[in-house]
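Asker: Sharing a structure with you now.
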């Protein structure tokens with residue numbers, strides 16, 4: 001997730017590899033509970049805008065969520 005969703009720009013720093021783990025865990029839980037791409041995108045947008053106080057990009061987060069769901073689906077065939 002670090003390379004796809006990096007709102008604070010830390011993906012190039014090895015010591016920050018766990019920076020978004022808590023958020024990734026929540027996304028994982030959402031996927032397991034059958035959340036759709038829009039719900040996941042809204043969660044990511046909420047994190048960025050409400051927790052990090054940065055501008056969000058719902059379309060970008062929806063694309064990321066779609067990838068996450070596709071990867072999950074491939075893993076459960």
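Asker: Please count how many residues of the stretch 33-48 are touching a helix residue (DSSP H, G or I) at 6+ places or on another chain (Cβ under 6 Å) and surrounded by fewer than 16 Cβ atoms within 10 Å (Cβ to Cβ).
Answerer: Total meeting the criteria: 0.
Asker: Looking only at the stretch 40-48, decide whether some residue is out of contact with any strand residue (DSSP E or B) (no Cβ under 9 Å at 6 or more places or on another chain), within 22 Å of residue 76 (Cα to Cα) and modelled with pLDDT of 95 or more. Break it down into steps so the answer makes sense when it comes.
Answerer: Quick first cut of the stretch 40-48, residues out of contact with any strand residue (DSSP E or B) (no Cβ under 9 Å at 6 or more places or on another chain) only: 40-48.
Next cut, within 22 Å of residue 76 (Cα to Cα) only: 40-41.
Checking the rest, the ones that are also modelled with pLDDT of 95 or more come to 40-41.
Yes.
Asker: Taking the stretch 49-65 as the search range and keeping residues that are under 16 Å from residue 3 (Cβ atoms) and touching a residue at least 24 places away in the same chain (Cβ under 8 Å), which one is surrounded by the fewest Cβ atoms within 10 Å (Cβ to Cβ)?
Answerer: Checking each candidate, the answer is 64.
Asker: Which count do you get for residues in the stretch 43-77 that are over 22 Å from residue 9 (Cβ atoms) and part of a helix (DSSP H, G or I)? So that I can check it myself, show each step before the final result.
Answerer: Step one: filter the stretch 43-77 for residues over 22 Å from residue 9 (Cβ atoms), giving 66, 69-77.
This time we only want the ones that are part of a helix (DSSP H, G or I), so: 66, 69-75.
Here the count works out to 8.
Asker: While we're on this one: I'd like the residue in the stretch 1-32 that is in a helix (DSSP H, G or I) and in contact (Cβ under 8 Å) with a residue 40 or more places away in the chain and, out of all such residues, is surrounded by the most Cβ atoms within 10 Å (Cβ to Cβ).
Answerer: Once the filter is applied, the top-ranked residue is 27.
The values are calculated or read from the model by the stated rules, or taken from the named source; none is laboratory data. Just so it is clear, the model here is predicted, and its values are computed rather than measured. We place every Cβ from the backbone using ideal geometry, glycine too, and count neighbours over all the protein chains shown.
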